[in-house]
Every structure is written in C-alpha cells, then in structure tokens.
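Since the structure comes first, as structure tokens, the remarks are kept for the end.
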Amino acid sequence: MVVTIRDVLGPKWFQYKLFDDNSLSTGGLSREEETLGDFIGDSDIDPYEDPVGEIQKELKRCGLQEIEEVDSYIQELIQQRLWDIENDFDVSILNYKWDYK
C-alpha cells in the first residue's frame, strides 16, 4: 500500500503552504507564498501515485521544510503496524527507531 500526499493531507493538499528550511544555506522557496501544489507542479512527483516519502526527500533536497503532518502520520502508521505485529506474533518490539526517509 502506497501512502500518497493526498492520503495524508486530504483533497486540499495543493494549498499546503511551504517554508524555507533555515538550517540549509542553499535552496528555498521559488516564489513568495509557495504552496505544495506549486512545488509539485514544478517537479516530476505525482501526488496521487508517489509515496509521501518521495515528496519529503525532494522538499529537503530543495531547501524546504518537510511537512510535519506527513512525519506524524507515518510515525502513527508505523506504530500501529508494530502493535499489530506484536499482537499477531505475541512478541514485544522494544526501542524501535523509525526512519522511512
């Protein structure tokens, strides 16, 4: 199952406002008040097909902040899957560190 940006942010995903990642000295916004729709329109990313991880990577590569809601959503998904595995196999997974990027 691929989780897309639309799955996470909903039908108005394209209106999501982007911000510079001030920890990086290169890249940043292409235009004032740039939205995710603007950003994706200038890229090869398909918001209905590509996984959200691809969008997060591209934002970071371009000197933009990654989308917090995406990180939170993915973290919750991973936690739920871990609980499912623990329940299904009667095991305990301790101190799991997630990194989908």
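Only the coordinates and a few stated rules stand behind these numbers; no lab work does. Note that the structure is a prediction, hence the values are computed from the model and not measured. FYI the Cβ positions are ideal-geometry reconstructions off the backbone, even for glycines, and counts take in every protein chain you see.
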(message) Using Cβ counts within 10 Å as a stand-in for footprinting exposure, how do 73, 48 rank, fewest first?
(response) 48, 73
(request) Over all directions, average the projected area of the Cα convex hull of the chain and note it in nm². (result) 7.4 nm²
(message) Loop only by DSSP, 13 or fewer other Cβ within 10 Å of the Cβ. Give me the GluC sites (Glu not before Pro) in the stretch 1-93 that pass, ordered by residue number.
(response) 32, 33, 49
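Only sites in a loop by DSSP and with at most 16 other Cβ atoms within 10 Å count here; which trypsin sites (Lys or Arg not before Pro) in the stretch 10-64 make the cut?
Hits after loop and neighbour filter: 12, 31.
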(request) Any chance you could count the Lys pairs in the chain whose alpha carbons are under 19 Å apart, treating pairs 8 or more apart or on different chains as valid? (result) 5
(request) Determine the calculated [θ] at 222 nm for the chain from helices alone, applying -39500 (n - 2.57) to every DSSP H run no shorter than 4 residues and normalising by the residue count; nearest 500 deg cm²/dmol. (result) -13000 deg cm²/dmol
